[in-house]
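Report on the following structure.
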Amino acid sequence: QVQLVESGGGLVQPGGSLRLSCTTSGIIFSMYTMGWYRQAPEKQRELVATIRYSGSANVADSVKGRFTIARDNAKNTVYLEMNSLKPEDTAVYYCNAESTFVINGGRPTYWGQGTQVTVSS
């Protein structure tokens, strides 16, 4: 059974910081690109950042310079360090795992349950 369990969300003031964690089980972590997505009320889910097993990362322009994605391959965990938070960062943040291999014509993809991040004074 595959599980992606996020933690670290909460309420923070503008300019503050939060660190999200996502611990996985049931997958071969090295075979997956890990990512963080977010969805604000009445908006589509959007990519925040992804990171390959090698450590190569891709970060959305909207958060570049403020957010950092990292992974600990020994702990099967991916992190999202968020600094200089803005009210527009308020959203539910979802952890994502996408296989780097195609299996039966597709790439297995899994999602966490989401963690709420609210940036407000």
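The values are calculated or read from the model by the stated rules, or taken from the named source; none is laboratory data. Bear in mind the structure is a predicted one, so any value in this text is a computation, not a measurement. All Cβ positions, glycine included, derive from the backbone under ideal geometry; neighbour counts span all protein chains shown. Accessible surface is based on the protein model in full, side chains and every heavy atom, while ligands, DNA and RNA are left aside. Shrake-Rupley method; radii C 1.70, N 1.55, O 1.52, S 1.80 Å.
In this rough spin-label picture, where each label sits 7 Å from Cα along the Cβ direction, the residue 30-residue 66 distance is 3.7 nm. Computed from point charges on the beta carbon alone (+1 for Lys and Arg, -1 for Asp and Glu), the dipole magnitude for the chain about its Cα centre is near 160 Debye. Under 5 Å between amide hydrogens, built in the peptide plane, is the criterion, and for residue 32 it picks out 100 among residues at least 5 positions away or on other chains.
3J(HN,Hα) along the stretch 47-54: 6, 9, 6, 9, 8, 7, 4, 5 Hz, from the Karplus curve 6.51 cos²θ - 1.76 cosθ + 1.60 with θ = phi - 60°, whole Hz, x for Gly and Pro.
If exposed means no more than 11 neighbouring beta carbons inside 10 Å and the site is in a DSSP loop, what's the longest run of the chain without any exposed trypsin sites (Lys or Arg not before Pro)? Let's see the in-between values first.
Values: sites that count: 43, 64.
Counting only loop sites that pass the neighbour cut-off, the longest clear stretch is 65-121.
Surface analysis of the chain yields an accessible area of 54 Å² per residue, using protein heavy atoms and a 1.4 Å probe. Out of 70, 13, 54, whose Cα points farthest toward the positive end of the dipole of the chain (charges: +1 Lys, Arg; -1 Asp, Glu; placed on Cβ)? After comparing all options, I get 54. Compute the distance from the alpha-carbon center of the stretch 1-80 to that of the stretch 94-117, in whole Å. Here the two parts' Cα centres lie 12 Å apart.
Remark on residue 90: its backbone amide H falls under 5 Å from those of 119, a criterion applied only to residues 5 or more positions apart or on other chains, H modelled at 1.01 Å from N. Consider the candidate values (1) 41, 27, 24; (2) 47, 29, 25; (3) 49, 24, 24; state which one is Cα extents along the principal axes in Å computed from the structure displayed. The value computed from this structure is option (2). Couplings 3J(HN,Hα) of the stretch 62-70, computed from phi: 5, 10, 4, x, 10, 10, 10, 9, 8 Hz, in residue order, whole Hz [Karplus 6.51 cos²θ - 1.76 cosθ + 1.60, θ = phi - 60°; x for Gly and Pro].
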